[in-house]
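Presented below is the structure to which this report refers.
The values are calculated or read from the model by the stated rules, or taken from the named source; none is laboratory data. Since the model is a prediction, treat every value here as computed from it, not as a measurement. Here Cβ is always computed from backbone atoms with ideal geometry, including for glycine, and neighbour counts include all displayed protein chains. Remember, those area values only see protein heavy atoms, side chains included, never the ligands or the DNA or RNA. Shrake-Rupley method; radii C 1.70, N 1.55, O 1.52, S 1.80 Å.
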Amino acid sequence: MSGYSQIGLDIDEGIATITLDRPEKMNAFTRTMMGEIVDAMDFIDGDDAVRAVIFTGAGDRAFCAGADLTPEDGAKPFASQQPVEDLSDPVVRDGGGRLTLRLFNATKPLIAACNGVAVGVGATMQLPMDIRLASDTARYGFVFARRGIVPEACSSWFLPRLVGMQQALEWTYTGRIFDAQAAHDAGLVRSVHPADKLMGEARALAREIADNTSPVSIALTRAMMWRLSAADHPMHAHRVDSRAIYSMARTADAAEGVASFLEKRPPEFPMKPSRDMPAFYPWWDEPEYR
């Protein structure tokens, strides 16, 4: 698909690939890139034919080398989307955070295929993605303190949940650059692959999801895992789990899931996230879940 200036969007057999596409600047992040990814995600979430999304970077050097420190429009790289004088004003929002919150609210599985350098927002934008794969050339860095700023893009919420508080603090305190194996050892990435195998591995994982699962089940599962794992008591999860499983057990997707298993054939789930989500979704908008 065309129409974007700083990302590429390709959809093939139910798998969308978003490519950060500024290889001459190591795919450095800009407001334009943020807006284009958000727009692409709006399109993807509205397309029931898309079953999974892969993120990667153009070229063989970088996934994303962080915020563009010399943007062509002359804007300050860490500025709010809208200039504000009063920093207590709630309108102050960093661009990376606007992006990661959009990814957090996605209904499709998100897979990061990190093909090179990923520092600053290049690392933090991957945190709300569901499964992160890395090439053996990948390098990560939460370098904010070395630039005189602080972690952004909601990473103070995401990073400790993924790797634990001690590791999150060490990486953000030192601002060091670390390799893909260190990221894997700490649980930041699921697996490390030769550079020429990375996209094939990511696509195989996306294909497994797309070919075997109910898209409505996946949309619900994604919301449940991300939101309920942060609840302060398992009862919150129990309440949502109960509503979800009893709602889904009565659906055409559940009937098809059982039938395809018994008949030993691939499933053909009829339900669509755009029209068939349970009535209680999104539950987090209800007062008792706030």
ask   = Given H placed 1.01 Å from N in the peptide plane, which residues other than close sequence neighbours of Ala52 have an amide H under 5 Å from its amide H?
value = Ala16
3J(HN,Hα) from dihedral phi, region 51-60, Karplus parametrisation 6.51/-1.76/1.60, rounded to Hz, x for glycine, proline = 10, 7, 10, 10, 10, 8, x, 6, x, 10
inquiry  = Can you compute the helix-only [θ] at 222 nm over the chain? Use -39500 (n - 2.57) per DSSP H run of at least 4 residues, normalise by all residues, nearest 500 deg cm²/dmol.
reply    = -11500 deg cm²/dmol
ask   = Non-local amide H neighbours of Ser191 (under 5 Å, H modeled in plane, Pro and chain starts lacking H): which ones?
value = Ala134
inquiry  = Per residue of region 171-177, what does 6.51 cos²θ - 1.76 cosθ + 1.60 with θ = phi - 60° give for ³J(HN,Hα)? Whole Hz please, x for Gly and Pro, Karplus curve as stated.
reply    = 5, 7, 5, 7, x, 5, 8
inquiry  = Can you give me the solvent accessible area of His236 with a 1.4 Å probe, rounded to the nearest 10 Å²?
reply    = 60
remark   = Per residue, the convex hull enclosing the alpha carbons of region 126-199 has a volume in Å³ of 85
ask   = Once the Cα atoms of region 14-67 are picked out, what are the Rg and Dmax in Å?
value = 11.9, 34
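Out of the total accessible area of the chain (probe 1.4 Å, heavy atoms of protein only), what percent is carbon and sulfur? Walk me through the numbers before you get to the answer.
Numbers: 7860 of 14460 Å².
The value for the chain is 54 percent carbon and sulfur by accessible area.
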task = With +1 on each Lys and Arg Cβ and -1 on each Asp and Glu Cβ, and nothing else charged, work out how big the dipole of the chain is about its Cα centre, in Debye to the nearest 20.
result = 560
remark   = Across 10 Å bins beginning at 0, the whole-percent shares of Cα-Cα pair distances in region 158-290 come to 10, 28, 28, 25, 8, 1
query = Along region 140-156, what does the Karplus equation 6.51 cos²θ - 1.76 cosθ + 1.60 (θ = phi - 60°) give for ³J(HN,Hα), rounded to whole Hz, x for Gly and Pro?
reply = 10, x, 9, 8, 4, 5, 6, 10, x, 10, 9, x, 10, 6, 6, 5, 5
task = Mind jotting down a quarter of the surface of the convex hull over the alpha carbons of region 214-289, in square nanometres, one decimal?
result = 5.4
inquiry  = Below 8 Å between Cα atoms, with a sequence gap of 6+, how large is the relative contact order for the chain in percent?
reply    = 15
Rg [Å, one decimal], Dmax [Å, integer] - the chain, C-alpha atoms = 19.6, 65
message = Can you tell me which of Gln126, Gln167, Gln181 moves the most in a GNM of the chain? Springs connect C-alpha atoms under 10 Å apart.
response = Gln167
message = One quarter of the convex hull surface, Cα atoms only: what value does that give for region 250-290 in nm²?
response = 3.8
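Would you kindly state how much longer the chain becomes between Ser242 and Arg176 on full extension, computed as 0.36 nm times their sequence separation minus their alpha carbon distance, in nm to one decimal? Provide the component values of the computation, followed by the final result.
On the way: separation 66, 0.36 × 66 = 23.76 nm, distance 4.38 nm.
Between Ser242 and Arg176, full extension yields an extra 19.4 nm.
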message = For the chain, set up a GNM with springs between Cα atoms under 10 Å and report which of Gly120, Gly95, Gly257 has the largest fluctuation.
response = Gly257
ask   = For region 177-275, which GluC sites (Glu not before Pro) are in a loop by DSSP, counting at most 16 other Cβ atoms within 10 Å?
value = Glu263, Glu268
